[in-house]
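What follows is a single structure, written as C-alpha cells, with notes after it.
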Amino acid sequence: MSRPGRGFAAELREATWSDHGDNEGSPYMTALFDGRLGREEYAALVAQLHPVYDLLERAADAMAADPVAGPFIMDGLRRREALEADLAYLYGPAWRDRLTTVEATRRYCARLREVCFGWPGGFVAHHYTRYLGDLSGGQYIGVQVRKNFGLAAGDDGVRFYRFPGKPKTYKDRYRALLDDAPWDRAERARIIAEVKRAYRLNAAVTADLGRDLRIDPAA
C-alpha cells in the first residue's frame, strides 16, 4: 500500500526494486563487469538490444500524440541510432547480416508489440524500465565496457550509453511526469505489474545469452 503524500515515481521504484536486481547478478552481466568477455560476446548483448529499442521507438512514434504517454518521449533519449553505430563498430558495415536473437529476446519483443502500441501505461512501463535503467546503472556498464575494451579515447562501441544531456536532468523530469500522470490506483497497479514483467523479460535475455555463450556461472 502506498503511503499518503508519496508520488508514483517513488512507489514504482520501491515496488520493483527487487526485480531490478535480477539482471545485474546474471552470469553474463557478472562476466561483463569482471572483464571476462571478448568483444564478440559483448556485441551479442548489443545485438539483443537493437530489436527491443527499435520496437520501443516505433511505439514512441505511435504514442507521441497521446496526452499521457507523449510527454515521456523526450528529445535525447532515443537509442536506436546509437545502437546501430555501436553495431557498425563491433561487426562492421554489414552488421545487419550478423544479427541473431536469443529466444528470450523474441519473447520480449512479442510483449512490446502486445502492449506498447495501444496502452499508454504499458508503453510507459517498458519505456521507464529501459531508459531509466540506461540513465542509471547503464552509465556504470558503459564505463566498465570502455575500460575493459580500451575504448577510453572515444565513444565507439559505447555510444548507446552516451546521452546528449546530463542523466540526472532526464531522470528528474521523468519522475516528475510519473508523479503528475493521471493514473488511478488500479492503473498504477497495472503499470507496476508490467514493469515487473519487463524486468523479468530483460533478465531472461542475459540468462539466455549466458547459456548460449557457455559462460561459467561459478567463474
Specify the residue that is nearest to residue 108 (Cα to Cα); the eligible residues are those in the stretch 183-197 that are in contact (Cβ under 8 Å) with a residue 12 or more places away in the chain and within 18 Å of the chain's Cα centre (by Cα).
197
Residues in the stretch 80-111 that are of a type in the set (Phe, Trp, Tyr) and within 17 Å of the chain's Cα centre (by Cα): how many?
1
Of residues in the stretch 89-133 being among the polar types (S, T, N, Q) and outside any helix (DSSP H, G or I), the one nearest to residue 25 (Cα to Cα):
101
Picking from 155, 172, 180, which residue would you name as being closer than 25 Å to residue 100 by Cα and without any contact (Cβ under 8 Å) to a residue 40 or more places away in the chain?
155
Would you be able to say whether some residue in the stretch 134-155 is among the aliphatic types (A, V, I, L, M), surrounded by fewer than 17 Cβ atoms within 10 Å (Cβ to Cβ) and either in contact with a strand residue (DSSP E or B) (Cβ under 7 Å, 6 or more places away or on another chain) or in a helix (DSSP H, G or I) (or both)?
yes
Of all residues in the stretch 80-116 being surrounded by 15 or more Cβ atoms within 10 Å (Cβ to Cβ) and among the hydroxyl-bearing types (Ser, Thr, Tyr), which is nearest to residue 173 (Cα to Cα)?
108
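Yes or no, residue by residue, for (1) in a helix (DSSP H, G or I); (2) within 14 Å of the chain's Cα centre (by Cα); (3) buried (at least 21 other Cβ atoms within 10 Å of the Cβ); (4) among the charged types (D, E, K, R):
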{"residue": "36", "(1), (2), (3), (4)": "no, no, no, yes"}
{"residue": "46", "(1), (2), (3), (4)": "yes, yes, yes, no"}
{"residue": "50", "(1), (2), (3), (4)": "yes, yes, yes, no"}
{"residue": "59", "(1), (2), (3), (4)": "yes, no, yes, no"}
{"residue": "74", "(1), (2), (3), (4)": "no, no, no, no"}
{"residue": "78", "(1), (2), (3), (4)": "no, yes, no, yes"}
Selected residue [of a type in the set (Gly, Ala, Ser) and surrounded by 17 or more Cβ atoms within 10 Å (Cβ to Cβ)] from 198, 189, 176, 193:
198
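Readers should treat all values here as calculations from the given coordinates under stated rules, not as data from a laboratory. Values in this document were obtained by computation on a predicted structure and should not be read as measured data. Quick reminder, even Gly has a Cβ in these numbers, built from the backbone with ideal geometry, and neighbours come from all protein chains shown.
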